[in-house]
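For reference, the structure discussed in these notes is given below.
Bear in mind these aren't lab numbers, they're just calculated from the coordinates by the rules spelled out. Note that this is a predicted model, so its numbers are computed, not measured. Positions of Cβ are generated from backbone atoms using ideal geometry, with glycine treated the same way; all protein chains shown enter the neighbour counts.
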């Protein structure tokens, strides 16, 4: 953390984070309306705003003997983790904080979601939520190691844990081209850390909303907003890791970062409407016996390539 | 601007935004607090939900812990592969191979399935 | 007041209804679901999420108690819409419009909130006798029991249903859970009142000597299976496919020409049938073999397609294909083989009786998939209990 921060990044980051989170929510609503066969799906664009409006005016609600502090910590941890993860992501070439260990920092912030979801599920003292909270822990056991391998593989290719240097190292060739396995595994883990779509078992409908079942009002709003922010950050980190960061013709670097982030984000949102929920009692074996060995081989290939 | 200052400013802004949500809710919401039981699709609880949850994937957590510890070492390793060379790659992948043998053993013992 | 009124109006434009289905009123449930979909509203799954409780049919006393519990748990602004079993689509639409106006009326909502009993914390009603030490807030902590490996572990008794999305109307399963494993399940039918076995209507009418074409019956059978498939897909966590099944169901019921339905159903069935991910997630549990069929006297699709959840889904899809091909059949309906088996023998009773044995030892999500893959039709029990001779009264 030696170089000074450009002031514009401090202004741009929250705007981009909030804007993209809303865009993801709105896109999700539109895709849902299309799926439901609504004649004017574009009208669903404002659905997230309407839900937010309801969250603000809804009566306060408390379950029987809840642990309010733990629930609140869990709920608020989501946006906090997302923001802290976002500070190392370069917008173009400029992150808010140019950490030499940006990749590790991102990893550490993302792991906070384990605690956040579990605390939310546990704190409200509700059986469905409890089961949902534990589902996330099981999911973490399945996605975290492949996720870390994907991060390390990209860092290995660049010889640096600084996201800006990782992006810069892809000058000639984007990492996605020669680390396709790592890229796909990363996208999978991006869905998992935001418990989104096919990895949304912790908040799935068979538990009437799982870990989030008892949340209402501002708690629900912060929880869901935090989840969209996580999805945005997960998509944004894929850009410096695998998609060449801000590199691209004609347009300035920050535009390319934004365009690529939007593309990844749209793919992640779309996955929810294309795929069904994965249950970890089925998926665990595949994760350990296919994803991890595949990532081992991918890392080995990259290690051999970077040998002097 | 110092990076730590920038991060603090951002964190503070987020804190203000979250506080604003809760304060707005206090000001605008329909008054009163609804005390409710846990949602049990119309049923009533027989006991508190907070309990010792039987995690049957317990064995996976053990294997995970062993592997996860190792992964932390891979971060610094990734930085020095290029300078140390073949030795670093051979050592790391021998170690990973050993761990993977352990995982395969755990898999064959059924540690990765529980349903 | 100004800002909250504006926010309330904004939110009321797209409420998220929680649908409480009543056995014996399937027809009005379908009409309500179609109306909700037409408006582009997204159904809610819990009281914390919803402001609009949509009760389809007249619940009996027991079911009404469950619905009251959910209504009680809903924070205001809230509205309740009750549509009776005979309500037409226009009446439902009108009732929903009234509810939207009520949700947007902050002043009235504040008054209503003021009349709610002031309670800082909820306490369980007096159904639990003793309040002893070690029972914080009047509710006991989890008890312990031996699990299948002989360990002594905490046990939760968790009810599922009757007010639950993608769930058979009027069914309640109380699960004894250790972690997310079902150690035991007690099944109960809640809210037996009056009603019509909607899915069995054509066959029942034909038995009474009224003229029913085979095509009309085929339509009803296809729609019944599509309804079941949609719920199974919803439980499996594939909402987009579930929504597609719901639209197809409504198209079939609305009498769309066979050619149009065949094409869109074909695409849907291929998508579902080819999904290896879906098959992977729903195979090898909830297995019904000949022994189970004999023991519980099962008939209908569950008996015709023995095997796991995936086999039953494939069976539904195949039978729906055949039924859709026959929707223009003008011959008189013969036989009594309805969507779930012979309509005179209330085949859902067997499905319900088979549930406890099938659920024991299953994981929670697997248990929900098993229930959805059998999809017992409680209407049959309700209607049979009341009047076997007047299905369209």
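Over all pairs of different C-alpha atoms in segment C:278-356, the reciprocal of the mean inverse distance, the Kirkwood hydrodynamic radius, equals 13.7 Å. From the Kirkwood radius over Cα pairs of segment A:7-306, Stokes-Einstein at 25 °C and 0.890 mPa s returns a whole-number translational diffusion coefficient of 125 µm²/s.
Under the rule a/c < 1.5 gives rounded, and otherwise a/b versus b/c splits prolate from oblate, where does chain C land using the Cα gyration tensor? Judged from the Cα gyration tensor, chain C comes out oblate (a/c at least 1.5, b/c at or above a/b).
With contacts taken as Cα pairs under 8 Å at a separation of at least 6 residues, chain B carries a relative contact order of 27 percent. For segment C:195-267 versus segment A:1-72, the spacing of their alpha-carbon centroids is 37 Å. Dividing the C-alpha radius of gyration of the protein assembly as shown by 2.2 N^0.38 Å, with N its residue count, gives 0.97. A Förster radius of 25 Å combined with the Cβ-Cβ distance from residue C:267 to residue A:43 puts the calculated FRET efficiency at roughly 0.45. Using the average count of surrounding beta-carbon atoms within 10 Å as a protection proxy, the listed peptides A:109-119, C:312-322 rank, highest first, as A:109-119, C:312-322.
Provide A:203, C:293, B:30 in ascending order of the number of other Cβ atoms located within 10 Å of each residue's Cβ, fewest first. So the residues, fewest neighbours to most, are C:293, B:30, A:203. Taking every alpha-carbon pair under 8 Å whose residues sit at least 6 apart, segment C:141-189 reaches a relative contact order of 28 percent. Largest mean-square fluctuation among C:169, C:88, C:362, in a Gaussian network model of chain C whose springs join Cα atoms under 10 Å apart, belongs to C:88. Here the extension length gained between residue C:325 and residue C:86 equals 83.0 nm, from 0.36 nm per residue of separation less the Cα-Cα distance.
Return one quarter of the surface area of the convex hull spanned by the alpha-carbon atoms of segment C:1-101, equal to its mean projected area, in nm². With the hull built on Cα positions only, its mean projection is 6.2 nm².
Across peptide C:63-72, the mean count of Cβ atoms from other chains lying within 10 Å of each residue's own Cβ comes to 3. Expressed as a fraction of 2.2 N^0.38 Å, the value expected for a compact globular protein of N residues, the C-alpha radius of gyration of segment B:55-115 is 1.37. Value of Rg to Rh for segment C:198-386, rounded to two decimals, is 0.96; Kirkwood radius and Rg both from alpha-carbon coordinates.
Taking other C-beta atoms within 10 Å as the exposure proxy, C:154, C:84, C:375, A:206 rank C:84, C:154, C:375, A:206 from fewest upward. Inter-chain Cβ neighbour count for A:119-129, averaged per residue, equals 6 (cutoff 10 Å, partner chain atoms only).
Of all the options C:166, C:149, C:379, the one that moves most in a Gaussian network model of chain C with Cα springs shorter than 10 angstrom is C:149. When only C-alpha pairs under 8 Å and at least 6 residues apart count, what is the relative contact order of chain C, in percent? RCO, chain C: 18 percent. Between segment C:285-306 and segment C:32-80, the C-alpha centres lie 34 angstrom from each other.
Only helices enter the 222 nm calculation for chain C: every DSSP H run of n ≥ 4 contributes -39,500 (n - 2.57), and dividing by all residues gives -15000 deg cm²/dmol, rounded to 500. Separation of segment B:1-67 and segment A:78-127 by C-alpha centroid, Å? A separation of 14 Å, based on Cα centres. Shielding of peptide B:3-16 by partners, expressed as the average count of other chain Cβ atoms within 10 Å per residue Cβ, is 6. In plain terms, the residue of C:260, C:14, A:279, B:26 with the fewest other Cβ atoms within 10 Å comes first and the most crowded comes last, giving C:260, B:26, C:14, A:279.
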